[in-house]
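Input: a single structure, listed below in structure tokens.
Taken together, the values in this text are just the output of simple stated rules run on the coordinates, not laboratory data. Source: prediction; values computed, not measured. Here Cβ is always computed from backbone atoms with ideal geometry, including for glycine, and neighbour counts include all displayed protein chains.
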Amino acid sequence: MEIALVEGDITTQRVDAIVNAANSSLLGGGGVDGAIHRRGGPAILAECRALRASRYGRGLPTGQAVATTAGELPARWVIHTVGPVWSASEDRSALLRDCYANSLRVADEVGASTVAFPLVSAGIYGWPVDDAVGQALAVLRSATSTTVTEARLVLFGSDTHAIAREVFEGRP
Ligand code: ADP
């Protein structure tokens, strides 16, 4: 699997699936979640509501992932995953890695070969950017049993992109 780092807006990525840093309610929020629902139109939210009414009555648990179609976005699928809120006193990084691992598994299930990820938890949920990149890369670099051929980490803004590049290249 090729891993690419790009600066940009995930809603414009031409890939089979984009990952959404959703909240557990699946009913929309700010950040990348808000952008996806704004740009993707109401069809995505309608599917999310149906998921809440059927499989996820109590919300999508942290670390898990589920796919909907992508409405008006160039991608075919949106894979919704719920990152953990950053905590300085508790190590929640296994849950953050679960987001990437479970999103890849869902990508395999829907047959998506190219997948774009945002930096899950690194916005409203407060995760330090460098560590969020490290957790993402730990999962993506060790993913051997997936049929995904390209994982694209989409960094929002030049500062975030610069930090991600340093982590990617192993610079201190
Ligand atoms: P969380 O609640 O998991 O922290 P956020 O959406 O607040 O999720 O932030 C996750 C990351 O996504 C942050 O780095 C934020 O800057 C970034 N982000 C926000 N909007 C977009 C977008 N349109 N495309 C890509 N990344 C985005």
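Just a few scattered comments:
- Rounded to 10°, Cα long-axis angle of helix 93-110 versus longest principal axis of the chain: 50
- Sparse-neighbour loop sites [GluC sites (Glu not before Pro); segment 66-172; at most 11 other C-beta within 10 Å; DSSP]: 72, 90, 169
- C-alpha long axis of helix 42-53 to longest principal axis of the chain, angle in °: 80
- Placing a label point 7 Å from the Cα of residue 108 along the Cα-to-Cβ direction, the residues of segment 15-29 whose backbone N falls under 17 Å from that point are 17.
- Placing +1 on the Cβ of every Lys and Arg and -1 on the Cβ of every Asp and Glu, with nothing else charged, gives the chain a dipole about its Cα centre of roughly 500 debye.
- Expected 222 nm ellipticity per residue - DSSP helices of 4 or more, -39500 (n - 2.57), all of the chain, to 500: -11500 deg cm²/dmol
- Added length on full extension, which subtracts the Cα-Cα distance from 0.36 nm per residue, residue 14 to residue 76: 21.4 nm
- The convex hull around the C-alpha trace of segment 81-172, projected and averaged over every direction, spans 6.0 square nanometres.
- Taking the charge dipole of the chain about its Cα centre, with +1 at Lys and Arg Cβ atoms and -1 at Asp and Glu Cβ atoms, the residue from 68, 4, 81 reaching farthest to the positive side is 68.
- With respect to the chain, whose longest principal axis is taken over its alpha-carbon atoms, helix 158-168 is tilted by about 60°.
- Sparse-neighbour loop sites [trypsin sites (Lys or Arg not before Pro); segment 2-88; at most 11 other C-beta within 10 Å; DSSP]: 14, 55, 58
- Pairwise Cα distances in segment 32-111 exceed 14 Å in 65 percent of cases.
- Translational D in µm²/s for the chain (Stokes-Einstein at 10 °C, 1.306 mPa s, Kirkwood Rh from C-alpha pairs): 101
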